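Since every read-out is calculated from the coordinates, none of them should be taken as a lab result. The structure displayed is predicted, hence computed values, not measured ones. Glycine gets a Cβ as well: all are built from the backbone with ideal geometry, and neighbour counts include every protein chain shown.
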Amino acid sequence: MGEFELIGRYFRSTALEGAGPTEQVTLGIGDDAAMIAPAAEKQLVVSTDSLVLGTHFPPDYVPSNIAYRALAAAVSDLAAMGARPLGFTLALTLPEVDEIWLQSFAEGLAEAARDHRISLIGGDTTKGPLNINVTVFGEVRPRNVVRRSDAQPGDLLCVGGPLGDGGGGLAVALAAALPADLDDAARDYLLQRFWRPMAQCDLGLELAGVASAGLDISDGLLADARHLAEASGLALHIRVADLPCSQALRFWPAEQRKEWMLGAGDDYVLLFTLPVASIRSLEIWKSQGFDVTVVGEAVVGRGIWLDEGQGLEEVARPAGYQHFQGNNNV
């Protein structure tokens, strides 16, 4: 099977090309490049993510799951900026043409596209070691962009959902020293959170123009909080007792839960700062079903500080995954 037949068979479908809004996509799959026309008074937001076997996902995987995970992780960057998804491209490198693998991958990709309301508008396929590269495009009004750099002292530090599920999900995926009493419901929930995370696009749209700063938690709370603190030139105080935790994660001891909530990554929930003047928005969002929690505050200073019930202590150790430094979490 040649490249164009492969694309036509597995990636030219209504399920993928019509999964999201199409009014801004003026030219999709089939030409040398795609074309997007943002709505009036809006700007394009673009982000690219690569998933590499052994670095971002373990060798024992289902193709549909890794396709879903690849697109959701990329779309999460749009959610972090307060952008509405418009379309995505896929660059897929494969060691060989395996039609069973491709069918499963295409099905998972179509599910993720539908769930995140985003259409496939182009891409590329080539032969080589497995690599999945997704580029996403969104739109946002310039005044509503949620950046990392605009947090202010006194702002509340908030998260958009439970933390640590990515770490717990990876442990379940690897069958690594699981609790003896871990039940099927908790196991299934954590596997779903690891393989099929849902980008918080709807929450991101709510944060646009309201949150002072934000990003998504992909490298771990401490690592991503440090990114936000450094970009904004301030310190962040985090109360460990206030970190939200799913019921599924409570099968593990408290110390393990804390380690995952602070540093495991792959949660893909939003971390954001909120001016105190906008605190009423939290109750509105909660009433709408968003699982938002205040976990700390931004203050004058530098660094990340944890309060574990015995006063604040600065976090000095490296946190989160760093490429090219040998700390592979998978």
Pop a pseudo-label 7 angstrom from the Cα along the beta-carbon direction at both V52 and D307 and give the gap in nm to one decimal.
4.0
Using the Cα centre as the reference, give the magnitude of the dipole from point charges on the C-beta atoms of the chain (Lys, Arg: +1; Asp, Glu: -1; all else neutral), rounded to the nearest 20 debye.
560
Dipole magnitude of segment 3-144, debye to nearest 20 (Cβ charges: Lys/Arg +1, Asp/Glu -1, about Cα centre)
560
Measuring from centroid to centroid over Cα atoms, what is the spacing of segment 203-281 and segment 102-143 in Å?
26
Along the charge dipole of the chain, Cβ charges K/R +1 and D/E -1, which of A176, L249, L94 sits furthest on the positive end?
L249
Once mean projected area of the Cα convex hull in nm² is worked out from the coordinates, which option in (i) 17.5; (ii) 16.4; (iii) 14.5 does it equal?
(i)
How would segment 3-144 be classified by its alpha-carbon gyration tensor: rounded, prolate or oblate, with rounded meaning a/c under 1.5 and the a/b versus b/c comparison settling the rest?
prolate
Would you kindly state the longest site-free stretch of the chain, with sites defined as GluC sites (Glu not before Pro) in a DSSP loop (not H, G, I, E, B) surrounded by at most 12 other Cβ atoms within 10 Å?
97-307
Mean Kyte-Doolittle hydropathy of -1.0 or higher plus an axial Cα length of 24 Å or more: which whole DSSP H helices in the chain meet both?
63-80, 99-116
